[in-house]
Each structure stands twice: as structure tokens, then as C-alpha cells.
């Protein structure tokens, strides 16, 4: 049995690794998109203009309230009816990126809220402009606070990239499913998949911890 | 240098400033004293626009303080805070050059050289590359003063600069402020340090309930107050038992 497992594992691994590559593409792409959009929602949420704040709140509540799988179906199956056809990978990245942007927005919001207003006053009294205060004071301090929840969100996103399998993205989970139904080796395949996800998430956890420690020293 | 005329301000129904009027001449040291909640910190914060005022006018070097003039006004004034308010993610040196480099757009090397001299002057030169969290309160406040001086301000506003310090560290900061006064720096100081006010201030303003109750030369006002409210306050502060 263990020898069988190893033989089959050696046989399956190259196929699954191709899935890993796509999983990394989906995760990294969606993560970057979610950070940019999340920052946009968070900054809009701090706007002086009430309508801008309302738009931000609405986006966050709507996107957060709809299952990710439904959002992916929407991007992949519904948008083409409006003339926007995306290939599966792009649809997966955009769908997951938008879905996760609202969690990133909440992380950033908590970060911004944690900045002591007295420090902003100190920066103002030095004559720094709003933009400089954002760049040099608010952002660095907000990111420091947002980092631990950001690590959490990133790992959730890595795992949820498996939802892209439902719109035919050939990432790890889908590659494994196809392998399992054609070989009936469920135990081997799904064990390998689980191990491969762990092999991605554990280094991610460690990387975020390292970053936290480096920033905490200041 | 600083003219505050008939300034009023209210938070809702709470009138925190009532018809506050005073002037600070160039090179003058003025101390604002009074019970907490009397409006003295609020006046200070109105001068550099951290708070807006509702009525009256404030002029700094002839420039009326308002939303449009804030950049010019703040270029002339620096502020030292009770809780220091140093930037925790920057080193001591970076804190001091933040204003010169990122508000006044001066060359970094030049600002850093001046900053090191200022840190020398306030006695924390050896901490230049440390982060504020590793400094004592007294050291942090001296950095706060160096950060203010780095702006080459025409006047410095001090908001209870020694109230958050350990008693034995208060003197370090007061001595630096006395030296600044002797060098001719224009200073407006909200303080509870009556000994310092008596020795260093040219004039003292006593505030209570959002208005200036009494103003006069430091020694005169502190040793022979005319108003009963001033007398009661000074009695409580100078003889707490």
C-alpha cells in the first residue's frame, strides 16, 4: 500500500503540479487585484463626501453578501451577455479579486482607524499636505495594523482559489478532480491535493509572520 | 507676531472660547494657565488651525488664519505636544527631518545635518537612530522640541509640554525651553508649571470658563493676582494641601 501510494504519487504529481501553477496564478492575480480594489474602497470610505462613502459601503455590503461561487458564475456566464467575454482564468482572477477586495477593504479600514489622530495633528502642525500625511503616516501605520488580518485573508484566498474550478479553470482542485474520476485513486489524489495546498499555505503564513516581525521592530 | 482678537468657539451648546483677545509680540514668551477645560489648549490649537474658531480673527505675522492660509500659517509655527506625538515608525532623526524634507522640501542631507545639531542641542544626539518607543518620556519630548525647531519657525506653541513627564524629567525639558526663550524664540506655552512661568514668561494669561480672566506681567500676576478667580486657582495650585 505505501509503495503503491508512492508509485502513483510519482505518476500523478507532474499533472497536479501543472494545477499548482494555475492555482498560484489565480491566487497571486486575485490577491493583487483585491489589494488595489480594497484600498480604493477603504479610501473612498474615508472620503469627506458622503455619496462617495455610501458607494463604498454599498459595494462592500453587496459583494460580501453574495457567495463567491455565484460571483464567479456571474463574471464567467453572465457578463458575456453584456458583450464582455473573459477566458476562464481571467474570469477567475477578476471574480475572486473583487470578492476578496471587500475583506481587504475591511482590513485596511481597521488599519486606518488604528492610527492615532494625535499623530495626524503632529503631521499637520509640521505643515505636511493631506497627500503626504496619507503616504508617509497613515499608510505605513495602517499597513502595520492590517498585516495580521491580511495574512489570514491571503490564506483564505489561496484556498478559495479552488472555487475557480467551477468555471473550468484548470487549477489544482480541478486537475485533481479530473485525475480522480479517470483513475478512481481518490485517496492518493486528494491526499496529494491537500498536501500541495499545505505546501503553499504554510510558506505564506511564515512569510507574513516574518513581515510582521520586521515591521513590529519599528 | 500672533494676534488673537475676539475669538469665540462652541462645541454645540458648550461655549469653549468667549471673546478671547491677546497679542504675542516677536520674541515674547507668554504662558497660558488655568484649570483644565478652561480653553487654553483650544486657543493654542486654533492659532495653528488644528481647530477652527467660530468668531473673531487670528493673525499670524499679519496673515489671517483660515482654511486657505493654513499652509503659510503652519510654515511659521511649530507645535510641541503633551503626549509628544512622535511618529512611531520613524527613527528619531527621521522624525526631526520629516517636516523640513516633506513639508518644506529642503534637501535631505542638509536637513539631516541640521537635525543632528538640534539633537545635540537638546541632549539626545546618541539616540538619533533609535525609534521613539525606546526613549524615555523626557527624551521623547526633547525630540519633539528638536522636531519643532527643525522647522525654523517664527514661533513655537507648547501644549502642556511637561504634563506627561516623570517629575524628575520635567526640569530637563523646562531648561531647554528656558534656553530657547533666552535666545529670543517667540513662545506660547500652556502649562501648569508656575515656577517656570514666573521665571521665564514675559506675560501670563489666566483663563477660566473659556475666557481670559486676567493677563499681566508674569511675576505680578502670579504673586499679586487681582481677580478672585485667579487667586483661588493659584491658591489651589501652589498650596494643594
All but one of (1) touching a residue at least 24 places away in the same chain (Cβ under 8 Å); (2) over 30 Å from residue B:95 (Cα atoms); (3) in a loop (DSSP other than H, G, I, E, B) hold for residue A:115; which doesn't?
(2)
Give me a count of the residues in the stretch A:170-187 that are touching a residue at least 40 places away in the same chain (Cβ under 8 Å) and either under 26 Å from residue A:157 (Cβ atoms) or buried (at least 21 other Cβ atoms within 10 Å of the Cβ) (or both).
8
Return the residue satisfying two criteria in turn: it lies in the stretch B:186-198 and is modelled with pLDDT of 95 or more and in contact with a helix residue (DSSP H, G or I) (Cβ under 9 Å, 6 or more places away or on another chain), and of such residues it is surrounded by the fewest Cβ atoms within 10 Å (Cβ to Cβ).
B:187
If you go through the stretch B:27-45 one residue at a time, do you hit one that is surrounded by fewer than 21 Cβ atoms within 10 Å (Cβ to Cβ), within 20 Å of residue B:155 (Cα to Cα) and away from chain A (no Cβ under 12 Å)?
yes
All but one of (1) under 21 Å from the mean Cα position of the chain (by Cα); (2) without any contact (Cβ under 8 Å) to a residue 40 or more places away in the chain; (3) over 24 Å from residue B:178 (Cα atoms) hold for residue B:104; which doesn't?
(2)
Any residue at all in the stretch B:101-118 that is within 29 Å of residue B:36 (Cβ to Cβ) and surrounded by 21 or more Cβ atoms within 10 Å (Cβ to Cβ)?
no
Condition first: touching a helix residue (DSSP H, G or I) at 6+ places or on another chain (Cβ under 7 Å), farther than 14 Å from residue B:190 by Cα, in contact (Cβ under 8 Å) with a residue 24 or more places away in the chain and surrounded by fewer than 18 Cβ atoms within 10 Å (Cβ to Cβ). Now tell me which residues in the stretch B:53-88 satisfy that.
B:61, B:88
Could you check, for the stretch A:146-158, whether at least one of its residues is closer than 27 Å to residue A:86 by Cβ, away from chain B (no Cβ under 14 Å), in contact (Cβ under 8 Å) with a residue 60 or more places away in the chain and assigned to a loop (DSSP other than H, G, I, E, B)?
no
Test set (1) crowded, with 19+ Cβ neighbours inside 10 Å; (2) free of Cβ contacts under 8 Å to residues at least 60 places away in the same chain; (3) part of a helix (DSSP H, G or I) - residue A:127 fails condition number
(3)
Which residue is nearest to residue B:48 (Cα to Cα), if the candidates are limited to the stretch A:103-123 and must be at the interface with chain B (Cβ under 7 Å from one of its Cβ atoms) and surrounded by fewer than 20 Cβ atoms within 10 Å (Cβ to Cβ)?
A:121
Going through the stretch B:133-157 one residue at a time, which ones are farther than 19 Å from residue B:101 by Cα, assigned to a helix (DSSP H, G or I) and touching a residue at least 12 places away in the same chain (Cβ under 8 Å)?
B:133, B:137, B:138, B:139, B:140, B:141, B:142
Could you tell me whether any residue of the stretch B:123-140 is in contact with a helix residue (DSSP H, G or I) (Cβ under 7 Å, 6 or more places away or on another chain) and within 30 Å of residue B:63 (Cβ to Cβ)?
no
Hey, which of the helices (runs of 4 or more DSSP H) in the stretch B:66-127, taking only ones fully inside, have at least 2 residues that are within 20 Å of residue B:48 (Cβ to Cβ), touching a strand residue (DSSP E or B) at 6+ places or on another chain (Cβ under 8 Å) and within 14 Å of chain A (Cβ to nearest Cβ)?
B:70-76
Matching residues in the stretch B:210-234 - criterion: being in a helix (DSSP H, G or I) and either farther than 23 Å from residue B:18 by Cβ or touching a strand residue (DSSP E or B) at 6+ places or on another chain (Cβ under 6 Å) (or both):
B:218, B:219, B:220, B:221, B:222, B:223, B:229, B:230
So, residue B:49, is that one at positive phi and touching a strand residue (DSSP E or B) at 6+ places or on another chain (Cβ under 6 Å) or not?
no
Restricting the stretch A:134-145 to residues that are at the interface with another protein chain (Cβ under 9 Å from one of its Cβ atoms) and surrounded by 16 or more Cβ atoms within 10 Å (Cβ to Cβ), the one nearest to residue B:157 (Cα to Cα) turns out to be A:137
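The values are calculated or read from the model by the stated rules, or taken from the named source; none is laboratory data. Source: prediction; values computed, not measured. Glycine also receives a Cβ, built like all others from the backbone with ideal geometry; neighbour counts cover every protein chain displayed.
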